[in-house]
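Student: This is the structure, below, for whatever I ask next.
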Amino acid sequence: EFESHGAYISAPSIYSMDGRQVNGLIRGREYRYKYRVKFERAFTGVRFGMLIKSVSGIHLGGALSEASLQEGLTVAEGEWADVEFRFRCHLNPGVYFMNAGVFGCPGETETLLHRLADAVAFRVLPVADGRAQEMIDFGCKARVEINV
């Protein structure tokens, strides 16, 4: 957990699309990563983030709720935000971690307001089709032509 600067992230969890909290994911399915943020001060330009990492700390991918701080939200002291990122699991079997972060402007400059590193650990379950290799399933299709 990184030091809070006026916001606090809580309750990070992964959910199936039917609303069940899960930590065993199936490649190819869609999931929701959710967390709450309580604001102890007013901010502008508020953006939320998520990041998926390998157990060795390699950043595999993530997203921000808004592309720029100009698109970010304005929040007042005491407000809560319920944050949800939908994602499709393109990871191969293994263990991974999810980060959560919130950014905002207490003045003119964007600041990291709070971040949870390795907030959720999850496992991608083994599948029968074991052709995809390494960490990410890019959906590769092999075509082989034998010539005489």
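The values are calculated or read from the model by the stated rules, or taken from the named source; none is laboratory data. Since this is a predicted model, take the numbers as computed values, not measurements. Every residue, glycine among them, receives a Cβ derived from its backbone with ideal geometry; neighbour counts consider all protein chains shown. With ligands, DNA and RNA removed, areas are computed over all heavy atoms of the protein, side chains included. Shrake-Rupley method; radii C 1.70, N 1.55, O 1.52, S 1.80 Å.
Student: Test Arg29 against the stated conditions and say whether it is basic (Lys, Arg), open to solvent by 40 Å² or more (accessible area, probe 1.4 Å) and over 22 Å from Gln133 (Cβ atoms).
Tutor: Values: basic (Lys, Arg): yes; open to solvent by 40 Å² or more (accessible area, probe 1.4 Å): yes; over 22 Å from Gln133 (Cβ atoms): no.
No: the conditions fail for Arg29.
Student: Looking at Lys141, Lys53, which is the one that is out of contact with any Pro (no Cβ under 7 Å at 6 or more places or on another chain), of a type in the set (Lys, Arg) and farther than 18 Å from Ser13 by Cα? Spell out how you get there, then give the answer.
Tutor: Working: Lys53 fails: farther than 18 Å from Ser13 by Cα.
Criteria check complete, one pass: Lys141.
Student: Give Ala63, Ala76, Ala81, Ala67 a once-over and let me know the one that is within 20 Å of Glu3 (Cβ to Cβ) and of a type outside the set (D, E, K, R).
Tutor: Ala81 is the lone residue from the list that is within 20 Å of Glu3 (Cβ to Cβ) and of a type outside the set (D, E, K, R).
Student: Among residues belonging to the stretch 99-143 that are of a type in the set (S, T, N, Q) and open to solvent by less than 70 Å² (accessible area, probe 1.4 Å), point out the one that is farthest from Gly45 (Cα to Cα). Talk me through it step by step, then tell me what you get.
Tutor: Step one: of the stretch 99-143, the residues of a type in the set (S, T, N, Q) are 99, 109, 111, 133.
Still in the list and also open to solvent by less than 70 Å² (accessible area, probe 1.4 Å): 99, 111.
On the way: Asn99: 20, Thr111: 10 Å.
Only one residue fits best here, namely Asn99.
Student: List the residue pairs whose Cβ atoms are under 6 Å apart, where the first residue sits in the stretch 1-17 and is in contact (Cβ under 8 Å) with a residue 40 or more places away in the chain, the second is open to solvent by 60 Å² or more (accessible area, probe 1.4 Å) and part of a loop (DSSP other than H, G, I, E, B), and the two are 6 or more positions apart or on different chains.
Tutor: Gly6/Glu40; Gly6/Arg41
Student: May I pose another question? What is the residue count in the stretch 32-42 for residues that are surrounded by fewer than 19 Cβ atoms within 10 Å (Cβ to Cβ) and either hydrophobic (A, V, I, L, M, F, W, C) or modelled with pLDDT under 95 (or both)?
Tutor: 1
Student: Scan the stretch 105-120 and report the pairs whose first residue is modelled with pLDDT of 95 or more and whose second residue is open to solvent by 30 Å² or more (accessible area, probe 1.4 Å) and among the basic types (Lys, Arg), with Cβ atoms within less than 9 Å and a gap of 6+ or a chain change.
Tutor: From residues that are modelled with pLDDT of 95 or more, the pairs are Leu113/Arg41.
Student: If Glu71 satisfies all but one of (1) free of Cβ contacts under 8 Å to residues at least 40 places away in the same chain; (2) under 28 Å from Arg131 (Cα atoms); (3) out of contact with any Lys or Arg (no Cβ under 6 Å at 6 or more places or on another chain); (4) not aromatic (Phe, Trp, Tyr), what's the number of the condition it fails?
Tutor: For Glu71, the failing item is (2).
Student: In the stretch 43-86, how many residues are of a type in the set (Lys, Arg) and surrounded by 14 or more Cβ atoms within 10 Å (Cβ to Cβ)? Walk me through how you get there before you give the answer.
Tutor: Step one: filter the stretch 43-86 for residues of a type in the set (Lys, Arg), giving 47, 53, 86.
Subsequent filtering for residues that are surrounded by 14 or more Cβ atoms within 10 Å (Cβ to Cβ) retains 47, 53.
Qualifying residue count, the stretch 43-86: 2.
Student: Taking strands (runs of 3 or more DSSP E) that do not extend beyond the stretch 33-141, which have at least 1 residues that are of a type in the set (Ser, Thr, Tyr)? Reasoning before the result, please.
Tutor: Working: elements: 43-54, 59-64, 73-75, 80-88, 94-105, 111-124.
Per the criteria, 43-54, 73-75, 94-105, 111-124.
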